[in-house]
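K.L.:
Quick one: the structure is below, questions incoming.
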Amino acid sequence: MKNFYQCLGVSVAVLLANTASAVSFNASSWPGPFSGITITSSGTLETKSFAGFTGLGVQGGNVGGEIDTRDGESSEWINFQFSTPTLISDLTIGTLYPNGEFNDSVNEAARITVNGSSTYQLQATGFTTATWNGSGSVANVSPARDGNPVGEGAEGFGAWKITNPFGNLLVTSLRFTPRKLGDDTGRDSDFTIVSLNSPAASLPVADAGSSMALLGMGLLSIVGLSRWTARQRA
């Protein structure tokens, strides 16, 4: 029985050693600091605020204070690098509008590249509707409209909250770029980053090596417990 509890204790220790880091970013607190996050960009970073929201973007370009397609899809970008692998519980994108709002000629789309490989897209399709091709779900938290004509409702920040955007994937980096759908002017895709959070309490996430170690320990525990039981019955 002693061997069983010893193995169990080691297993718990391994699990605790493989936890994801907890981080939080909110553009309203710019320039931070934001513990565990290094933020770089294609140009000088600046924020934009209205309708009760604040988003982080790049200075200049076609639309100041946003990430836009000034010279193509990759000319403006913002990169988040995490000091340790991180689970993302929610991500909010702002100033992303459908065709016709703020003179946009397209349904604006934001691209998010995870860990330098997988790229996902968030695209506004209406005042309160959008599509997201990653995990989780997207909800509008500020209407994507410019307030003109007056009858359509008040101006909104065009903010979209994506919950559990990358599932259980441990994230080391996020790169934000606009999707070029039109003519590289202010009428094409442009957006800001409002906030990003990881779970309040990091969840245990074991890597492949740890998983094999835990499996081996579990088997040893079973064998040890079986032998102890057999001796007790003899």
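The values are calculated or read from the model by the stated rules, or taken from the named source; none is laboratory data. This one's a predicted model, so the numbers in the text were calculated from it and none came from an experiment. Reconstructed Cβ throughout: ideal geometry from the backbone, glycine too, with neighbour counts over all protein chains shown.
K.L.:
Within the stretch 84-108, work out how many residues are in contact with a Ser or Thr (Cβ under 6 Å, 6 or more places away or on another chain) and within 15 Å of residue 63 (Cα to Cα).
P.N.:
Counting residues in the stretch 84-108 that are in contact with a Ser or Thr (Cβ under 6 Å, 6 or more places away or on another chain) and within 15 Å of residue 63 (Cα to Cα) gives 3.
K.L.:
Tell me which of these residue 128 doesn't satisfy, since it passes every other one: (1) part of a loop (DSSP other than H, G, I, E, B); (2) closer than 30 Å to residue 35 by Cα; (3) modelled with pLDDT of 95 or more; (4) not aliphatic (A, V, I, L, M).
P.N.:
The failed condition is (2).
K.L.:
Also: Which members of the stretch 20-41 meet the condition of being buried (at least 16 other Cβ atoms within 10 Å of the Cβ), over 22 Å from residue 52 (Cα atoms) and among the small types (Gly, Ala, Ser)?
P.N.:
20, 21, 22, 36, 41
K.L.:
Of everything in the stretch 135-158, what is surrounded by 21 or more Cβ atoms within 10 Å (Cβ to Cβ), among the small types (Gly, Ala, Ser) and over 24 Å from residue 75 (Cβ atoms)? Give them in sequence order.
P.N.:
Hits for the stretch 135-158 are 142, 156.
K.L.:
Let me ask something else. Considering (1) surrounded by 15 or more Cβ atoms within 10 Å (Cβ to Cβ); (2) over 13 Å from the mean Cα position of the chain (by Cα); (3) without any contact (Cβ under 8 Å) to a residue 40 or more places away in the chain, say which one residue 131 fails and leave the rest.
P.N.:
Going through (1) surrounded by 15 or more Cβ atoms within 10 Å (Cβ to Cβ); (2) over 13 Å from the mean Cα position of the chain (by Cα); (3) without any contact (Cβ under 8 Å) to a residue 40 or more places away in the chain one by one, residue 131 breaks only (1).
K.L.:
When you go through 92, 54 one by one, which is the residue that is within 14 Å of the chain's Cα centre (by Cα), within 15 Å of residue 196 (Cβ to Cβ), modelled with pLDDT of 95 or more and in the same structural domain as residue 177 (by TED's automatic domain parsing)?
P.N.:
Working: 54 fails: within 14 Å of the chain's Cα centre (by Cα).
Exactly one residue qualifies, and that residue is 92.
K.L.:
Within the stretch 66-97, track down each residue that is surrounded by 21 or more Cβ atoms within 10 Å (Cβ to Cβ) and either among the hydroxyl-bearing types (Ser, Thr, Tyr) or in a loop (DSSP other than H, G, I, E, B) (or both).
P.N.:
If the condition is that a residue be surrounded by 21 or more Cβ atoms within 10 Å (Cβ to Cβ) and either among the hydroxyl-bearing types (Ser, Thr, Tyr) or in a loop (DSSP other than H, G, I, E, B) (or both), then 69, 76, 86, 87, 88, 92, 95, 96, 97 are the ones that fit.
K.L.:
Quick check on the stretch 10-32. Is at least one of its residues out of contact with any strand residue (DSSP E or B) (no Cβ under 8 Å at 6 or more places or on another chain), of a type in the set (S, T, N, Q) and either modelled with pLDDT of 50 or more or part of a strand (DSSP E or B) (or both)?
P.N.:
yes
K.L.:
Still on this structure, I have one more. Counting only residues that are among the aliphatic types (A, V, I, L, M) and not in a loop (DSSP other than H, G, I, E, B), which one in the stretch 142-167 is modelled with the lowest pLDDT? Show your work before the answer.
P.N.:
Of the stretch 142-167, the ones among the aliphatic types (A, V, I, L, M) are 144, 150, 154, 159, 162.
Now drop any that are not not in a loop (DSSP other than H, G, I, E, B), which leaves 150, 159, 162.
On the way: 150: 59, 159: 98, 162: 98.
Among them, the one singled out is 150.
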